[in-house]
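Each remark here refers to the structure printed beneath this line.
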Amino acid sequence: MSPPSRMEGAEKKVEGGGGGSSAMKITRIKKTKDKAIFLVEGASAAYLNTLRRIMQYEVPVMAIETVTITKNTSVLYDEIIAHRLGLIPLTTDPASYRMLKEGEEPGSKATTATLTLNVSEVPEPTMVYARDLKSSDSKIKPAFPDIPIVKLAKGQSIILEAKAILGVGKEHAKWNTGLVFYRHIPTLTIKKEDDRFKERFPTKLYEKKGKTLHLKDLSKAVTQPGLIDIEDDYIEPSPSGNYLFVVESWGQLSPDDIIHQGITRLNEELKAFDDAVKGGLKA
């Protein structure tokens, strides 16, 4: 089995992605700071779903695991504040930290980043934000500084220390890397054309190629699936083997980092499985 390749560059061909000897072609069609959209041709849903699950649930990112609250005179219970802190996405530098070993407690510099919050006896009603957390590591900080934590009334305080560690989404939602999904792009065969057809499928959105209809900007189908999910008197859809693959980060890692680490993790699991099979055959 050929290992999956990194989804990078304008266009990439990967052998064997959709089964058999066919080549899988990957084209990046849109990229922003937090989102990457690819057109994957010649793939299978099972293959893409494997990538999706690993990227979303098995790539480690940082999140707050334990909170020690020294003082809290706000209206919120300690545990509610701790829950909110745990769900704040933290920028992650996986090369500088390792996962906790079984039975190991957070605390060492190799596994843990410490964040503190000290807002004392505010002179007026004040909203405490994620940006008020001070980190022991400048690389580990709230991805979205304007997330509100708690509103303090005049004279109230909140003082705490939080420990952040690496974890994976399959263990807890706070370690989820983002939203990863795929959408099938059917072949749209034109059954008939008339004046209503031109109104239904304007040239600013669609183009004809022989007897098939194509959406010009496929990235629009991510949020408007009705643009390609068509079956009516004019269009007959059929399976194509082509998909939109979307990676939207929650802010801990860039979309490219999620993709690269996800594929690395998949290759590790494939190798472990291959080694186990070879070992079983020798037994």
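For the structure I just gave you, tell me whether GLY210 is loosely packed, with under 15 Cβ neighbours inside 10 Å and either farther than 24 Å from PRO60 by Cα or touching a Ser or Thr at 6+ places or on another chain (Cβ under 7 Å) (or both).
Judged against the criteria, GLY210 is a match.
Kindly indicate which of SER135, SER157 is in contact with a strand residue (DSSP E or B) (Cβ under 8 Å, 6 or more places away or on another chain), modelled with pLDDT of 95 or more, under 30 Å from GLY251 (Cβ atoms) and surrounded by fewer than 17 Cβ atoms within 10 Å (Cβ to Cβ).
SER157
From (1) touching a residue at least 60 places away in the same chain (Cβ under 8 Å); (2) among the polar types (S, T, N, Q); (3) within 29 Å of VAL222 (Cβ to Cβ), pick out the condition that doesn't hold for THR187.
So the condition that THR187 fails would be (1).
Taking ARG200 as the residue in question, decide whether it is touching an Asp or Glu at 6+ places or on another chain (Cβ under 9 Å), surrounded by fewer than 14 Cβ atoms within 10 Å (Cβ to Cβ) and not small (Gly, Ala, Ser).
Judged against the criteria, ARG200 is not a match.
Within the group LEU205, LEU253, which residue is within 30 Å of ASP93 (Cα to Cα) and in contact with a strand residue (DSSP E or B) (Cβ under 7 Å, 6 or more places away or on another chain)? Write out each step before concluding.
Details: LEU205 fails: within 30 Å of ASP93 (Cα to Cα).
Exactly one residue qualifies, and that residue is LEU253.
Residue by residue through the stretch 40-86, note down the ones that are part of a loop (DSSP other than H, G, I, E, B), of a type in the set (A, V, I, L, M, F, W, C) and more than 25 Å from ILE29 (Cα to Cα).
VAL75, LEU76
Just for the stretch 263-280: of the residues that are among the aliphatic types (A, V, I, L, M) and exposed (fewer than 11 other Cβ atoms within 10 Å of the Cβ), which one is farthest from TYR57 (Cα to Cα)?
VAL277
For residues in the stretch 114-172 being among the small types (Gly, Ala, Ser) and touching a helix residue (DSSP H, G or I) at 6+ places or on another chain (Cβ under 7 Å), which is nearest to THR91 (Cα to Cα)?
GLY167
State whether the residues of the stretch 222-231 include one that is surrounded by 11 or more Cβ atoms within 10 Å (Cβ to Cβ), more than 19 Å from the chain's Cα centre (by Cα) and farther than 21 Å from TYR182 by Cα.
No; the residues of the stretch 222-231 include none that is surrounded by 11 or more Cβ atoms within 10 Å (Cβ to Cβ), more than 19 Å from the chain's Cα centre (by Cα) and farther than 21 Å from TYR182 by Cα.
If only one of SER44, SER5 is more than 14 Å from the chain's Cα centre (by Cα), modelled with pLDDT under 95 and more than 13 Å from TYR243 (Cα to Cα), which one is it?
SER5
When VAL247 is evaluated against the numbered criteria (1) surrounded by fewer than 17 Cβ atoms within 10 Å (Cβ to Cβ); (2) within 18 Å of VAL40 (Cβ to Cβ), which criterion, by number, is the only one it fails?
For VAL247, the failing item is (1).
Of all the strands (runs of 3 or more DSSP E) wholly in the stretch 87-188, which have at least 2 residues that are β-branched (Val, Ile, Thr) and over 19 Å from the mean Cα position of the chain (by Cα)?
Passing ranges, in order: 112-119, 126-129, 148-152, 158-167.
The values are calculated or read from the model by the stated rules, or taken from the named source; none is laboratory data. Predicted model only: the values in this text are computed from it and were never measured. Neighbour counts run over all protein chains shown; Cβ positions are idealised from the backbone, glycine included.
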